[in-house]
Amino acid sequence: MKKTFISLVIALLIVGVTVSVRLAKSKGVPGAFAKIGETWAQPVAELDWRDVFADGTPDFLRLDSPNDQEAFRRWFTLIAEFQALRPQGEIPSEINDCAALIRYSYRNALVHHDEVWARESRIVPPIALASVEKYRFPATPLAGALFRVRPGSFTPNDLKDGTFAEFADAKTLREFNMHLISRDVHAARPGDVLFFRQVEQDSPFHSMIFIGRSQWNVESDARTDDDLVVYHTGPIGAMPGEMRRIRMADLLNFPSPRWRPFSGNSNFLGVYRWNILRGAI
């Protein structure tokens, strides 16, 4: 009986150590295992720790597959545009300015788009779309902290010193998570972001997501074949602001010249692309 009790205690200790090791391996330190997709995958030490563009984004986060790049663009734009098409009262409460729209669309473009996600987000694409395969939020090498918030090239220490976070404002998204493509708006591809700086506003940095042609079949909109942009205005005075969806042709002729995306407009900072797509054409 005594031997049986001792054996049971030893077995429980072994289980406890195993669980502790498994939990330690989830902390994102070299030699641990990265949770990619829905299963524990290769050791973090085997990830590509380089930052070939020296833009602060680790290469293991970049979507190097053309299929993944296309999947990200399709989902990112579809999710963002959907927020401008749904009733105001159904828009997630976290989307309260332009940066929040970007963060929400970015995270959700990287999830596994199963029936549970569709039910919770209320987003059912008009056509079947593949999800990103390399990793799926929140099971990413960075867990939920997808956005870089400090300058500098990537180093392994960035994983544990707060360099990556779940929140980033428009200025931070532009400076540390994207790169400039052009100040010619015609260089924009679906999923790129237009940035403006309006110094007279409390929140000077503002962003608009370039949708390109709509993926939604909106019968009431006879002009869905035109390139579109969507954005959240952010608070307007005492009002909470709203989602807007407009044609690029109308933006180029916007009543207030400071919002026109022309290279001659000093308020227009240019077309930016996500670092995880860097190298993509």
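Answer yes if at least one residue in segment 163-183 is on the phi > 0 side of the Ramachandran plot, in contact (Cβ under 8 Å) with a residue 60 or more places away in the chain and under 14 Å from the mean Cα position of the chain (by Cα), and no otherwise.
No, the conditions are met nowhere in segment 163-183.
Restricting the first residue to segment 126-154 and requiring it to be free of Cβ contacts under 8 Å to residues at least 40 places away in the same chain and closer than 18 Å to Thr57 by Cβ, which pairs with a second residue that is of a type in the set (Gly, Ala, Ser) and surrounded by 15 or more Cβ atoms within 10 Å (Cβ to Cβ) meet a Cβ separation below 6 Å and a spacing of at least six or different chains?
Ala145/Ala165; Val149/Ala165; Val149/Ala168
Filter segment 187-199 down to residues that are modelled with pLDDT under 95 and closer than 23 Å to Asp250 by Cβ, then give me how many there are.
Count: 2.
Go through segment 87-123 residue by residue and tally those that are touching a residue at least 24 places away in the same chain (Cβ under 8 Å), surrounded by 14 or more Cβ atoms within 10 Å (Cβ to Cβ) and of a type outside the set (Asp, Glu).
21
Can you tell me which residue in segment 55-107 is farthest from the chain's Cα centre (by Cα), limited to those that are of a type in the set (Gly, Ala, Ser), in a helix (DSSP H, G or I) and closer than 22 Å to Gln215 by Cβ?
By that ranking, first place goes to Ala84.
How about segment 228-245: which of its residues are without any contact (Cβ under 8 Å) to a residue 24 or more places away in the chain and in a loop (DSSP other than H, G, I, E, B)?
Residues satisfying the conditions are Gly237, Ala238.
Any residue in segment 161-176 that is basic (Lys, Arg) and either modelled with pLDDT under 95 or under 22 Å from Met248 (Cα atoms) (or both)?
Yes, segment 161-176 has at least one match.
Could you list, ordered by first residue, the pairs with Cβ atoms under 6 Å in which the first is in segment 58-81 and more than 15 Å from Pro190 (Cβ to Cβ) and the second is part of a helix (DSSP H, G or I), at least 6 apart or interchain?
Qualifying pairs under 6 Å: Leu61/Ile276; Arg62/Ile276.
Answer yes if at least one residue in segment 21-33 is among the β-branched types (Val, Ile, Thr) and at pLDDT below 50, and no otherwise. Give the derivation first.
Of all residues in segment 21-33, those among the β-branched types (Val, Ile, Thr) come to 21, 29.
From what's left, at pLDDT below 50: 21, 29.
Scanning segment 21-33, I find at least one residue that is among the β-branched types (Val, Ile, Thr) and at pLDDT below 50, so the answer is yes.
Identify all residues within segment 151-166 that are touching a helix residue (DSSP H, G or I) at 6+ places or on another chain (Cβ under 7 Å) and either part of a loop (DSSP other than H, G, I, E, B) or surrounded by fewer than 21 Cβ atoms within 10 Å (Cβ to Cβ) (or both); write none if there are none. Walk me through how you get there before you give the answer.
In the first step, residues of segment 151-166 are kept if they are touching a helix residue (DSSP H, G or I) at 6+ places or on another chain (Cβ under 7 Å); the result is 151, 164.
Passing the criteria: only Pro151.
Only one of Ala280, Ala238 is more than 18 Å from Ala100 (Cα to Cα), at pLDDT below 95 and surrounded by 16 or more Cβ atoms within 10 Å (Cβ to Cβ). Can you tell me which?
Sole residue among the options that is more than 18 Å from Ala100 (Cα to Cα), at pLDDT below 95 and surrounded by 16 or more Cβ atoms within 10 Å (Cβ to Cβ): Ala280.
Taking segment 109-147 as the search range and keeping residues that are in a loop (DSSP other than H, G, I, E, B) and among the small types (Gly, Ala, Ser), which one is farthest from Trp274 (Cα to Cα)? Write out each step before concluding.
Taking segment 109-147 as the starting set, the residues that turn out to be in a loop (DSSP other than H, G, I, E, B) are 110-114, 122-135, 137-138, 140-146.
Restricting the remaining residues to those that are among the small types (Gly, Ala, Ser) gives 128, 130-131, 143-145.
Details: Ala128: 24, Ala130: 19, Ser131: 17, Ala143: 18, Gly144: 17, Ala145: 16 Å.
Here the answer is Ala128.
The values are calculated or read from the model by the stated rules, or taken from the named source; none is laboratory data. Owing to the predicted nature of the structure, the values given are computational and were not obtained by experimental measurement. Positions of Cβ are generated from backbone atoms using ideal geometry, with glycine treated the same way; all protein chains shown enter the neighbour counts.
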